[in-house]
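Participant: Let me give you the structure first, and then I'll get to my questions.
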Amino acid sequence: MTKTTHSSPELPATTGPVFQPGDTGYDAEIAGFQTAYSHRPALVVGAMHAEDVRSAVEYAARHGLPVAVQATGHGLSVPAEGGVLINTRRMTDIRIDASARTARVAAGVQAGALIEAAVAHGLAPLNGSSDTVGVVGYTLGGGIGLLAREFGYAAEHVRSIEMVTADGRVRRLAPGDELFAAVLGTGGNFGVVTALELELVPVTTVYGGQLRFDGPLVERALEAWRLWTGEVPEQLTSAITMMDIPDIPQMPEAVRGRYVATVAIAFTGSPEEGERLVAPLRAVGPRLVDDLRVMPYLDTHAIHSDPPQPHPYTSFNALLSDLPADATDAFLEAARPESGLPVIAGFRHLGGALSRRGSAGIAVDHRQARYVARAIAMPGPDNAEMVDERLADVVKTVSPWTIGHNLNFLYGGPAQAGAEQTRAGYDDGAYDRLVALKSTYDPRNLFRYNRNIQHG
Ligand SMILES: Cc1cc2nc3c(=O)[nH]c(=O)nc-3n(C[C@H](O)[C@H](O)[C@H](O)COP(=O)(O)OP(=O)(O)OC[C@H]3O[C@@H](n4cnc5c(N)ncnc54)[C@H](O)[C@@H]3O)c2cc1C
């Protein structure tokens with residue numbers, strides 16, 4: 001490790017640590033939630049605050065080095081080979097303004113820490129399913145939250161952005177700025193965000209949890225969920241996942257070693273109304289798990305029970321305009337455990353407020369999508385290509401209803417982060433406008449280790 005509190009001709013002047021390959025601490029610094037692969041930068045800056053970020057970007061720009069950013073590694077797409085990696089995980093400052101119902105979060109804040117800070121004021125952020133995901137990375141990708149159908153994309157609730165652009169300038173952006181709109185929905189393409197100011201919502205409890213159905217009921221559960229999502233109010237957001245649960249002690253005994261369908265539900269109305277709403281799902285048959293209850297917002301990470309430990313994963317998705325029975329039948333058939341490599345296959349219910357655009361005109365597109373289909377797998381060291389092909393085959397079954405991809409839910413390397421996938425994340429015409437802005441604000445494509453908006 002090299003620590004510089006002074007300016008050195010070879011290294012950026014930062015108060016946070018700087019690592020080069022071979023240094024003790026380099027491997028720990030590049031490690032993230034995704035373990036299938038990682039960044040291999042020539043230099044890692046462990047940024048402590050915005051000035052460290054500015055210094056690292058300015059250094060990289062001066063030396064013509066590309067820049068990667070990592071907070072947690074959940075959303076690693078294009079790994080850096082050389083260049084400068086800015087690790088933001090030490091930037092954990094959170095400031096809540098309860099009367100304004102806002103939070104200012106620094107670049108390294110994880111969802112769980114923000115939830116904890118917000119609930120202390122009777123408020124909640126618009127976080128997603130996992131409490132270890134980075135708030136900034138999630139929001140820059142749009143952010144489909146637990147309460148997404150009621151409140152819309154998390155990115156629609158950003159009040160201001162503090163960031164460092166490729167010219168080394170520190171900028172504070174607000175709705176109305178063209179860069180503000182472009183940054184929200186494009187990941188790290190336009191610079192390194194040092195802080196976001198976010199709206200919080202006055203939600204203290206949720207009626208939610210899981211219903212889990214055993215193998216013989218999976219097909220019926222999926223059909224019931226499909227029909228049910230056509231009826232439920234916007235205050236209810238849900239997802240269904242079909243998967244083979246590994247037969248390992250870390251898994252709950254009730255589902256271990258079984259093929260199950262899990263419906264994850266979050267509803268902000270009254271518990272009585274919640275009970276009434278879920279009756280058609282319970283009518284499918286006996287549940288292996290039925291833990292629907294009123295829970296404090298602090299406990300809502302249990303709704304999806306995402307794995308907390310780092311692991312290898314890869315995934316494709318498709319945003320769907322509709323979900324007829326033909327689509328669920330074909331998708332389920334292709335993802336069945338007996339047909340090859342195990343796949344975690346599922347749908348999230350979209351629509352509601354996700355379909356409505358705010359006035360800032362942010363770069364989150366395909367608002368007519370009513371569902372997102374997802375296929376996830378865990379590649380081993382030697383079968384990455386086979387896994388990608390299998391996932392692509394599963395997602396292909398819903399191509400007649402596919403209108404594009406969600407960029408947050410594409411996990412994996414180059415196969416999931418190519419120019420074609422990135423373009424498919426946006427509406428026709430929108431991508432070309434983003435390309436023009438990219439050539440203005442990042443003409444040398446300094447910020448290229450992401451789902452890259454390419455120009456020239
Ligand atoms: C288990 C799991 C659950 C998830 N659940 C949801 C969900 O419910 N809803 C949803 O919408 N998404 C979800 N995601 C996707 C997640 O939001 C994205 O992967 C997101 O990019 C993760 O951000 P991060 O900072 O944690 O990851 P990182 O890998 O650290 O960052 C991902 C990318 O975000 C960009 N980025 C991060 N920080 C900055 C910054 N300060 N400035 C500029 N760019 C930056 C960079 O391009 C970076 O490569 C989930 C992912 C996982 C693995």
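Participant: Scan Gly361, Gly380, Gly351 and give me the residue that is on the phi > 0 side of the Ramachandran plot and open to solvent by 20 Å² or more (accessible area, probe 1.4 Å). Spell out the reasoning first.
Facilitator: On the way: Gly380 fails: on the phi > 0 side of the Ramachandran plot; Gly351 fails: open to solvent by 20 Å² or more (accessible area, probe 1.4 Å).
Exactly one of Gly361, Gly380, Gly351 is on the phi > 0 side of the Ramachandran plot and open to solvent by 20 Å² or more (accessible area, probe 1.4 Å), namely Gly361.
Participant: Please name all residue pairs, on different chains or six or more residues apart, with Cβ atoms under 7 Å, provided the first residue is in the stretch 297-316 and is touching a residue at least 24 places away in the same chain (Cβ under 8 Å) and the second residue is open to solvent by 40 Å² or more (accessible area, probe 1.4 Å) and near the ligand (Cβ under 10 Å from one of its atoms).
Facilitator: His301/Asp131; Tyr313/Tyr411; Thr314/Tyr411; Ser315/Tyr411
Participant: Oh, and also: For the stretch 130-145, which residues satisfy the criterion of being closer than 15 Å to Ala106 by Cα and within 6 Å of the ligand (Cβ to nearest atom)?
Facilitator: The answer is Val133, Gly134, Val136, Gly137, Tyr138, Leu140.
Participant: Inspect all residues belonging to the stretch 176-188 and state whether any of them is free of Cβ contacts under 8 Å to residues at least 40 places away in the same chain and more than 23 Å from Glu116 (Cβ to Cβ).
Facilitator: Checking the stretch 176-188: at least one residue is free of Cβ contacts under 8 Å to residues at least 40 places away in the same chain and more than 23 Å from Glu116 (Cβ to Cβ).
Participant: Can you work out which of the residues in the stretch 232-265 that are part of a loop (DSSP other than H, G, I, E, B) and touching a residue at least 24 places away in the same chain (Cβ under 8 Å) is most open to solvent (accessible area, probe 1.4 Å)?
Facilitator: Arg258
Participant: To continue, here is another question. Tally time: how many residues in the stretch 210-259 are more than 24 Å from Asp322 (Cα to Cα) and of a type in the set (Gly, Ala, Ser)?
Facilitator: Number satisfying all stated conditions: 3.
Participant: Next question. Counting only residues that are of a type in the set (A, V, I, L, M) and surrounded by 14 or more Cβ atoms within 10 Å (Cβ to Cβ), which one in the stretch 210-231 is nearest to Arg293 (Cα to Cα)?
Facilitator: Leu211
Participant: Which of the following residues is open to solvent by less than 60 Å² (accessible area, probe 1.4 Å), more than 27 Å from His311 (Cβ to Cβ), under 23 Å from the mean Cα position of the chain (by Cα) and at pLDDT 95 or above: Val53, Val18, Val67, Val57?
Facilitator: Val53
Participant: Take the residues in the stretch 304-327 that are surrounded by 14 or more Cβ atoms within 10 Å (Cβ to Cβ) and polar (S, T, N, Q), then tell me which one is nearest to Gly208 (Cα to Cα).
Facilitator: By that ranking, first place goes to Ser305.
Participant: Exactly one condition in (1) in a loop (DSSP other than H, G, I, E, B); (2) farther than 20 Å from Leu407 by Cβ; (3) touching a strand residue (DSSP E or B) at 6+ places or on another chain (Cβ under 8 Å) is not met by Ser99; state its number.
Facilitator: Among (1) in a loop (DSSP other than H, G, I, E, B); (2) farther than 20 Å from Leu407 by Cβ; (3) touching a strand residue (DSSP E or B) at 6+ places or on another chain (Cβ under 8 Å), the lone unmet condition for Ser99 is (3).
Participant: Enumerate the pairs (first residue in the stretch 96-123 and among the aliphatic types (A, V, I, L, M); second residue anywhere and within 14 Å of the ligand (Cβ to nearest atom) and assigned to a strand (DSSP E or B)) with beta-carbon separation below 6 Å, excluding pairs fewer than 6 apart on the same chain, so at least 6 apart or on different chains.
Facilitator: Within 6 Å, the pairs are Ala103/Leu198; Val105/Leu196; Ala106/Ala195; Ala107/Val193; Ala107/Thr194; Leu114/Val105.
Participant: Which ones in the stretch 403-415 are touching a helix residue (DSSP H, G or I) at 6+ places or on another chain (Cβ under 8 Å) and at negative phi?
Facilitator: Listed by number, the residues that qualify are His405, Leu407, Asn408, Leu410, Gly413, Ala415.
Participant: Given the conditions (1) within 6 Å of the ligand (Cβ to nearest atom); (2) closer than 28 Å to Thr268 by Cβ; (3) in contact with a helix residue (DSSP H, G or I) (Cβ under 8 Å, 6 or more places away or on another chain), and given that Ala107 satisfies all but one, which numbered condition is not satisfied?
Facilitator: That leaves (2) as the condition not met.
Participant: Whether any residue in the stretch 440-451 is closer than 20 Å to Met242 by Cα and open to solvent by less than 10 Å² (accessible area, probe 1.4 Å) is what I want to check.
Facilitator: no
Participant: Search the stretch 418-432 for residues being surrounded by fewer than 22 Cβ atoms within 10 Å (Cβ to Cβ) and in contact (Cβ under 8 Å) with a residue 12 or more places away in the chain, and hand back the single one that is nearest to Leu391 (Cα to Cα).
Facilitator: Gln421
Participant: So in the stretch 78-90, with the set limited to residues that are part of a loop (DSSP other than H, G, I, E, B) and open to solvent by 10 Å² or more (accessible area, probe 1.4 Å), which one is farthest from the ligand (Cβ to nearest atom)?
Facilitator: Gly82
The values are calculated or read from the model by the stated rules, or taken from the named source; none is laboratory data. Remember, it's a predicted structure, so these values are computed and weren't measured experimentally. Cβ atoms come from the backbone with ideal geometry, glycine included; neighbour counts cover every protein chain shown. Just the protein is used for accessible areas: all its heavy atoms, side chains included, with ligands, DNA and RNA removed. Shrake-Rupley method; radii C 1.70, N 1.55, O 1.52, S 1.80 Å.
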